[in-house]
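Computed from the coordinates by the stated procedures, all read-outs in this text should not be read as laboratory data. In this text, all values refer to a predicted model and were calculated from it rather than measured experimentally. FYI the Cβ positions are ideal-geometry reconstructions off the backbone, even for glycines, and counts take in every protein chain you see.
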Amino acid sequence: MIQKLKILPPTLRDKKRYIAFEVLSQGPVGRDDIISMLLDASLYLYGACGTGKLELWVVKLWKCKTDKNIPETIMEYRMKGILRCKREEIDSAITIIPTITNFRGKPIVFHTLGISGTIKSAIINFIKL
């Protein structure tokens, strides 16, 4: 007889927070590129142990139209996304985002839109597609 593993009850699970962020770039940026940039910035700031404690994960990404107020020659591509991290490490995770300033020799802008306790409320309150 095969026994199933029991699911960890919600009271014993680690609490998560969701950070809504926006990326403005001159060239196209993919999911793997964003993950790589976040991981590299985290490793640079906190090292391997600190990065592991954050438990960073890119949950969702959306390609968006650029604003007409921003000249197309400056930032052509715009993406919004949601990043998951541990509740206790939210300040450390937010610190990583603005440190990313270039990608493949071109300027890039990462900034935080807001913090939420659920993915649904992050999408409703901050992403606004």
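Observations on the structure shown:
- Across LYS16, LYS106, LYS63, mean-square fluctuation computed from a Gaussian network of the chain (C-alpha pairs under 10 Å connected) peaks at LYS106.
- ³J(HN,Hα) computed for each position of segment 117-129 - Karplus, 6.51 cos²θ - 1.76 cosθ + 1.60, integer Hz, glycine/proline x: x, 9, 5, 4, 6, 5, 5, 5, 7, 10, 6, 6, 5
- Placing unit charges on the Cβ atoms of the charged side chains and taking the dipole of segment 1-119 about its Cα centre, the candidate lying farthest along the positive direction among VAL58, SER116, ILE7 is ILE7.
- Sorted on the mean count of surrounding Cβ atoms within 10 Å across their residues, most packed first, peptides 80-86, 47-53, 111-117 read 80-86, 111-117, 47-53.
- Segment ALA48..ASP14, full-extension length gain: 10.2 nm, with 0.36 nm per residue of separation and the alpha-carbon distance subtracted.
- Value of D in µm² per second that Stokes-Einstein yields for the chain, Kirkwood Rh from Cα pairs, at 10 °C (1.306 mPa s): 100 µm²/s
- Its relative contact order, with pairs defined as Cα atoms under 8 Å and 6+ residues apart, puts the chain at 39 percent.
- On the beta carbon distance between LYS6 and THR95, with R0 = 30 Å, the FRET formula returns roughly 0.25.
- Anchor LYS65: lysines whose Cα lies under 24 Å away (excluding residues fewer than 8 positions away in-chain): LYS80, LYS106, LYS120, LYS128
- Whole-Hz couplings from phi, Karplus 6.51/-1.76/1.60, listed for segment 37-43; x for Gly and Pro: 5, 5, 5, 4, 5, 5, 5
- Check: segment 15-127 dipole with +1 on Lys, Arg Cβ and -1 on Asp, Glu Cβ, in debye: 440 debye
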